[in-house]
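The values are calculated or read from the model by the stated rules, or taken from the named source; none is laboratory data. Since we're looking at a predicted model, the values are computed, not measured. Don't worry about glycine lacking a Cβ; one is built from the backbone with ideal geometry, like all the others, and counts go over all protein chains shown.
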Amino acid sequence: MIRNYFKTAWRNIRGNKFYTGINVIGLALGLVISLFILLWVQDELSFNGFNNQAKNIYKVGIIGGTGPTKQVFSVVIAPVATYAKAELPEVKDAVRIMNIGGNTPFKYKDKVFTEDKVAFTDPSYFTIFGFNLISGDKRNPFPADQSVVISRSVAERYFGDEDPIGKVVILGHDEQMKVTGVIEDAPANSTVRYDLLLPISRFNKIAYVEGNVNYDGKTRLSSMDADWSNFSFETYLHLKDGVNLNQVTKKLQAIHERNKPEDKPVPYVTQSLLLTHLYKIGESGGAIETVKTFSIVAVMILVIACINYVNLSTARAMLRAREVSMRKIIGAGKLQLFIQFVVETALMFAIATIIAIGAMYVLLPLYNDFSGKHLTLSLTNYQIWLCIAATLLFTLMATSIYPAMLLSSFEPLKALKGKIAGSLGNVAFRRVLVVVQFSVSVVLIIGTLIIGNQLNFIRNKNLGYDKENVFSFSMRTDMQKHYEAVKAELLKQPGVLSVTRLGANIIDNQGWTGDNDWEGKPAASNLLFRPIQVDETSMPFFKFPMLEGKTFTGAVADSAHFIVNETAVKAMGLKDPIGKRMRLWKTNGTITGVVKDFHISSMHNKIEPVVFTYNPQACWRVYIKTTGVQAHKAVEAATQQWKQYNGQIPFNYSFLDEAFNNLYQKEQRTSALFNLFSAVAIVLSCLGLLGLATYTAQVKTREIGIRKVLGASVAGVVQLLTKEFMLLVGISLAIAIPIAWYAMNKWLADFAYRITIGWQVFALAGVMALLIAFITVSFQSIKAALANPVKSLRSE
Amino acid sequence: MLSLQHISKYYQTGGNKAYVLNDLSLDIDQGEFVSIMGPSGSGKSTLLNIIGMLDEPTNGYHYFMEQPVHQLKEKQRSALYKQYIGFVFQAYHLIDELTVYENIETPLIYQNIKGAERKALVADMLDRFNIVGKKDLFPAQLSGGQQQLVGIARALIGKPKLLLADEPTGNLNSKQGEEIMELFSKINKEDGVTIIQVTHSEKNAEYGSRIINLLDGRIESTTTL
């Protein structure tokens, strides 16, 4: 009996290659995409879950600034961890991580490396995050300030098979660091992942004990734990079970306000380690939005694929009414017929699943490339099977409605005479499904178009300064001291137009200060400024348009002069800013100029108050304008200069255009994925439409034949067949446009600078959808219309 | 074997009743071979379908194998016809996706008969109809006459007491038709299967033991041969 079901199902599947093809390809494609998204979502949700203490680990943030500059700092000051551990009974342990930043040069023997994942940290790093030492002294990972703990992959790169413990590597020019421990590489789904870890005590020594690199170059603090202004430390607290988080943040705030009363009020926030990847600390939004969107898209694509199957199989059930009724007459029970349909669906699914999983194995590297992940496909991943099972169940239920109705309601006799076709109300059911499909597709098309438009808008937006053909690099101390000589040398080179320096990265300025004052500053104000140190060439170099006052000339008095931007003027509440008294850090001076607003970080952020100070010694980044054509020569010259001062340390530079585009990597990735998803959704919907059009043409063969005999033209017949589908797509447009409009406005809201959604996008999406649908449907219609009517009428 | 009493079947069209069958009474005994004749629209097929329980009369009494069919529920009715009645159609209505063998076997599957027994029964039938060589072919590969042979084999495999045939030779040429009619006679005589056939052909009708002529939903005349 069961064998018979499978045999019949297999014959039906094989016997109708067109339908089987459409169904299997559609299901497999839908499964591949949805399962890929599932893997991606699983990965996103799994972040930090490997750490079994994660639920008790919290990241600390501080809310700083008032008014338009209100900010949540996710890197905080060094004393937070020290005081929390010492004074809060709730805190078991605490760790600080100070990211050294990219391109840190290391050397072992004659091998040179640049490392991106380097940080100063507390020894508790290894226990809190579960990165236990696999060699070295667990209880004392940093026996001396010159210790370094490295990851397994770094150990292999540097030392090959040799034992890394005790080896000495050179950091930067000549600092000797001894390897005292090795940890496993952090899992790909860890938000905290460093390859080389240096003791934070060493940072303290350099910056506070020996060094003079305090932010203003004047104050001397005894240690980093006494510095309540240096926001550089990512800080995590390991709390005891069942602690009241509210109490913890209140206590932290009290400690801060006790030690630095002028910061009052300075609220603290915390965030579970499990949430750090997907949510912003203390604010709404974050990567979770993308996860949600993609999950919805995955479900939608599966729904489209299922709808294809439901539509086609129910349509075909009509054509099969004759077979079904014959089986009824020769003794089939309803249950037996029902099982037959279910077995057929299950078999089709099995084929599609096998193809889908095969395709996933082949496409996974490509997808990883595309999504920037390191996903793996494992058949023991039960969620994959859950997803397949859910899809199968949903499809089975939906497909069974129709056969069940067909089997219980129709009289076999009528079906035998072909009277059943088209007489049941289920045409409406299928129409609804097609409308759902196309609505989803249109929403995705519109989404794709709008994301594309916004990215274009960002790329081409005038930043308010000249970034064309400019490349930049960061100087190290030696070169910074000899900047004038470097500049003179560079200007002699072909291709170099001009050279300047800043104390900031103009593309993505990360600096803040709240240590300021001005004439008439309200007591409650804690306005944050983005300071940019310049010399006399900087303002003309970038062509910052001056609205009022003068730019710096390099005169001695300039060190007490400030140039602010429009936003700063507004935020400070100044009517007539020129000549007003202002203090930044320990420098008392006056405002001598106002510059037009320009973009200083990603378009996600509003333009913030900026203050330019004349302080050539504090400028650490060189900007070189080239002719464009001879850019490579300029880069070559800069490389020569770099080598002269930095020897083997690799030279890292970037063109501002590229650096700017890199700010939107996440968006570009989203955009690429959206392109893919909407393409798949459209292909799937069209497959469904193609199948339905074929079915309609079959059912209407007789009608078409009669009409042709009566003199209908080919065009007339095509119109007859396509009219209905075009109407359905039209309805889909009406449904999809408001949904897309709403969803995309939400997406755009994340950008401080964004396009307004115009009707053109909707018109374009509408035309695209209609055109694609028309081409799909007309293929079958034309075929039907050209057929010889004698042939189609003879079968009756 | 079966008895129809005052059977009527009509459709309400506007204010009028369009009668297909009008107060028709008919008794058929076990072992009879009845031919129903009449012009198009006289109600032949409707009568046959009512006998086969594929259709219901508007009113009247219908007894089959001592059972009051008009009082039975749908489920009981279908159980009844599945057990006792076999159908043969003008257009054969074989299942295209199944081979000759499988087409004949299908009714047995639905009756939950075990595989070994099915095999024996089907082999027997193939042998008897002389189509062993065709058993693995699909309907599309057979001539009309051969398809109808398979159709009859399928109708007989469940050992029905009554065989209903709606113009079984309507799509066949005269020679094929003759063969089918010979086969019907043989089944009737040797197996004792009661046969009721609808036909347009005088010649084919004469294979029967009784000819019933219908006109406008009534029995116009009955001829016993």
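Remarks
- Selection within the stretch B:103-113 - within 9 Å of another protein chain (Cβ to nearest Cβ) and more than 21 Å from residue B:134 (Cα to Cα): B:110, B:111, B:112
- Of all residues in the stretch B:76-102, none satisfies the criterion of being at the interface with chain A (Cβ under 9 Å from one of its Cβ atoms), in a helix (DSSP H, G or I) and in contact with a Pro (Cβ under 7 Å, 6 or more places away or on another chain).
- Residue in the stretch B:141-149 that is within 15 Å of residue B:102 (Cβ to Cβ) and in contact (Cβ under 8 Å) with a residue 12 or more places away in the chain present: yes
- Counted residues, the stretch B:154-177 - those being basic (Lys, Arg), in a helix (DSSP H, G or I) and away from chain A (no Cβ under 14 Å): 1
Residues checked against (1) more than 14 Å from every other protein chain (Cβ to nearest Cβ); (2) within 47 Å of the chain's Cα centre (by Cα); (3) closer than 27 Å to residue B:92 by Cβ; (4) modelled with pLDDT of 80 or more:
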site	(1), (2), (3), (4)
A:344	no, yes, yes, yes
A:350	yes, yes, no, yes
A:361	yes, yes, no, yes
A:371	yes, yes, no, no
A:379	yes, yes, no, no
A:404	yes, yes, no, no
A:414	no, no, yes, no
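- Checking each residue of the stretch A:181-188 against the condition of being outside any loop (DSSP other than H, G, I, E, B) and either within 30 Å of residue A:618 (Cβ to Cβ) or not assigned by TED's automatic domain parsing to the domain that holds residue A:87 (or both) gives no match.
The rows are residues; the columns are (1) within 12 Å of chain B (Cβ to nearest Cβ); (2) outside any loop (DSSP other than H, G, I, E, B); (3) under 20 Å from the mean Cα position of the chain (by Cα); (4) at pLDDT below 80.
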site: A:278; (1), (2), (3), (4): no, no, yes, no
site: A:289; (1), (2), (3), (4): no, yes, yes, no
site: A:292; (1), (2), (3), (4): no, yes, yes, no
site: A:295; (1), (2), (3), (4): no, yes, yes, no
site: A:298; (1), (2), (3), (4): no, yes, yes, no
site: A:307; (1), (2), (3), (4): no, yes, no, no
site: A:316; (1), (2), (3), (4): no, yes, no, yes
site: A:322; (1), (2), (3), (4): yes, yes, no, yes
site: A:325; (1), (2), (3), (4): yes, yes, no, yes
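- Members of the stretch A:261-272 that are modelled with pLDDT of 85 or more and either assigned to a loop (DSSP other than H, G, I, E, B) or within 19 Å of the chain's Cα centre (by Cα) (or both): A:266, A:267
- Test result for residue A:649, assigned to a loop (DSSP other than H, G, I, E, B), crowded, with 18+ Cβ neighbours inside 10 Å and assigned by TED's automatic domain parsing to the domain that holds residue A:588: yes
- Selection count, the stretch B:17-48, where residues are in contact (Cβ under 8 Å) with a residue 12 or more places away in the chain and either assigned to a strand (DSSP E or B) or in contact with a helix residue (DSSP H, G or I) (Cβ under 6 Å, 6 or more places away or on another chain) (or both): 16
- For residue B:116, the criteria (1) in a helix (DSSP H, G or I); (2) within 17 Å of residue B:196 (Cα to Cα); (3) more than 13 Å from chain A (Cβ to nearest Cβ) hold in every case but one, which is (2).
- Condition met for residue A:37 (away from chain B (no Cβ under 14 Å) and more than 28 Å from residue A:225 (Cα to Cα)): yes
- In the stretch A:654-662, the condition of being surrounded by 19 or more Cβ atoms within 10 Å (Cβ to Cβ), among the aliphatic types (A, V, I, L, M) and in a helix (DSSP H, G or I) is met by at least one residue.
- Within the stretch B:9-62, considering residues that are within 14 Å of chain A (Cβ to nearest Cβ) and among the small types (Gly, Ala, Ser), the one nearest to residue B:161 (Cα to Cα): B:52
- Criterion (under 16 Å from residue A:511 (Cβ atoms), assigned by TED's automatic domain parsing to the domain that holds residue A:621 and not in a loop (DSSP other than H, G, I, E, B)) met by exactly one of A:557, A:568: A:568
- Taken over the stretch B:61-102, the criterion of being of a type in the set (A, V, I, L, M), at pLDDT 90 or above and closer than 19 Å to residue B:126 by Cβ is satisfied by B:88, B:100.
- Checking residue B:76 against (1) buried (at least 16 other Cβ atoms within 10 Å of the Cβ); (2) closer than 27 Å to residue B:10 by Cα, the condition it does not meet: (1)
- Residue match in the stretch A:592-614 (condition: surrounded by fewer than 17 Cβ atoms within 10 Å (Cβ to Cβ), under 32 Å from the mean Cα position of the chain (by Cα) and either polar (S, T, N, Q) or assigned to a helix (DSSP H, G or I) (or both)): yes
- Residue in the stretch A:317-336 that is outside the structural domain of residue A:690 (by TED's automatic domain parsing) and within 30 Å of residue A:666 (Cβ to Cβ) present: no
- Lone unmet requirement of (1) modelled with pLDDT of 90 or more; (2) farther than 30 Å from residue A:306 by Cβ; (3) of a type outside the set (D, E, K, R); (4) over 22 Å from the mean Cα position of the chain (by Cα) for residue A:47: (4)
- Scanning the stretch A:653-699 for residues that are hydroxyl-bearing (Ser, Thr, Tyr) and more than 17 Å from the chain's Cα centre (by Cα) gives A:653, A:654, A:678, A:685, A:694, A:695, A:696.
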